[in-house]
């Protein structure tokens, strides 16, 4: 791990909530906390993805009823509460004389929302406590526990300087199934490094159309070994940054930029980007001179892809189709399939993932990915290339799936990725010729690190 990452882990970053006039409904600030507790319950109890709940158009009604500042505050609370869920739970449990009743879900969510503010956000402790007590009193299911809420949270606030580091050091912030699965796959040391990385707010990476050094200077970042530009922490919203309106760059994790490069020189080639939305890889291929066909089953996601391409002043043929039955009238020179997956490689940015997914989900998604990969192989001309990738940490959705396909399909060959193809990312190329990234790798001089988890492979139909 880098030295900077290590110092951050000693004391988690306390995120400053958005400024602005509070809600006037109920007690000021209370509607936002009510929404946060309700949405936390939807994630934990109903396994609803956080992005769906906080979508600006189709999100949860309680979230949509808030103004933009309070929406940002709610999301900051939820990200912190989920990112550190087990640490928060430990600090709450240590202060209870007896466990909460098994059905006291609402009470638990109120406590977690308030504790996350006290421990990880720049919200005054007194405000977090007072609003949680008010929320408990206003909730018939939690009214009789308002005194407990007050006592537990005030105790956490008084002792946090000592208690928080101790709790972080003795806790894995992940569901048991997820932590144990990572350890079985990667070993204890690597698994712990991944889980530690999940606690830290990730940097923001940009793929730039040209002159990375110029845009690193303009954006206040630095150029990574793969040519991406990295900002450690944003100080403004993405649309407010220089170059956004002009379409000079797009946000894309550095690891996510690697699979498209595995196709080599695509200038003038007919390339299909499958499961293409929101379009980062489509933009890469178009910028490299490919004649791109971007395929996705979701009309709304394709609309977003098209909007992104228009901003970037890049073009592609956009096709709404079910990949499993799509039968275009021509074969492609190359196909890029970034398959739907469990997204366990993106937990740094989406801390709800381990709490909304399960081992059964991973198994089902692996079966779907195999079907998608079979379809991708059907779409490429003989001798063409197929690059398969996804943002999962689990070999069931990556290496194991690929090995099984290669064993069962003698008409398909693995074209091993060579370390020299990916300067600065050579350490992510496995002995078999797969690409495997995890967030555990530190960001060092000349070496790409602090990236999402990805698996990728290059296949050639014979």
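Observations on the structure shown:
- Strands (runs of 3 or more DSSP E) contained in segment 207-288 and holding at least 1 residues in contact with a strand residue (DSSP E or B) (Cβ under 9 Å, 6 or more places away or on another chain) and closer than 21 Å to residue 426 by Cβ: 229-231
- Scanning segment 140-149 for residues that are surrounded by fewer than 17 Cβ atoms within 10 Å (Cβ to Cβ) and closer than 22 Å to residue 88 by Cβ yields 141, 147.
- Residues in segment 342-358 that are part of a helix (DSSP H, G or I) and under 19 Å from residue 456 (Cβ atoms): 344, 345, 346.
- In segment 242-261, the residues that are farther than 15 Å from residue 228 by Cβ and touching a helix residue (DSSP H, G or I) at 6+ places or on another chain (Cβ under 7 Å): 242, 244, 247
- Residue match in segment 142-155 (condition: assigned to a helix (DSSP H, G or I) and under 30 Å from residue 56 (Cα atoms)): no
- Checking 17, 12, 31 one by one, the residue that is crowded, with 16+ Cβ neighbours inside 10 Å, closer than 28 Å to residue 130 by Cα and modelled with pLDDT under 50 is 12 and no other.
- Scanning segment 43-86 for residues that are crowded, with 22+ Cβ neighbours inside 10 Å and more than 18 Å from the chain's Cα centre (by Cα) turns up 63, 70, 73.
- Filter result (surrounded by 23 or more Cβ atoms within 10 Å (Cβ to Cβ) and over 22 Å from the mean Cα position of the chain (by Cα)) within segment 435-462: 458, 459
- Every residue from segment 164-178 that is crowded, with 19+ Cβ neighbours inside 10 Å and assigned to a helix (DSSP H, G or I): 164, 167, 168, 178
- Any hit, segment 394-405, residues being surrounded by 14 or more Cβ atoms within 10 Å (Cβ to Cβ), in contact with a helix residue (DSSP H, G or I) (Cβ under 8 Å, 6 or more places away or on another chain), in contact (Cβ under 8 Å) with a residue 60 or more places away in the chain and within 30 Å of residue 197 (Cα to Cα): yes
- Of all residues in segment 360-373, those being touching a helix residue (DSSP H, G or I) at 6+ places or on another chain (Cβ under 6 Å) and over 10 Å from residue 339 (Cα atoms) number 1.
- Test: residue in segment 240-247 that is buried (at least 16 other Cβ atoms within 10 Å of the Cβ) and under 21 Å from residue 347 (Cα atoms): no
- Residues of segment 322-371 classified as touching a residue at least 24 places away in the same chain (Cβ under 8 Å) and within 25 Å of residue 268 (Cα to Cα), total: 13
- Hey, residue 236 more than 20 Å from residue 86 (Cα to Cα), surrounded by fewer than 13 Cβ atoms within 10 Å (Cβ to Cβ) and touching a helix residue (DSSP H, G or I) at 6+ places or on another chain (Cβ under 9 Å) or not: no
The values are calculated or read from the model by the stated rules, or taken from the named source; none is laboratory data. All values derive from a computational prediction rather than experimental measurement. Glycine gets a Cβ as well: all are built from the backbone with ideal geometry, and neighbour counts include every protein chain shown.
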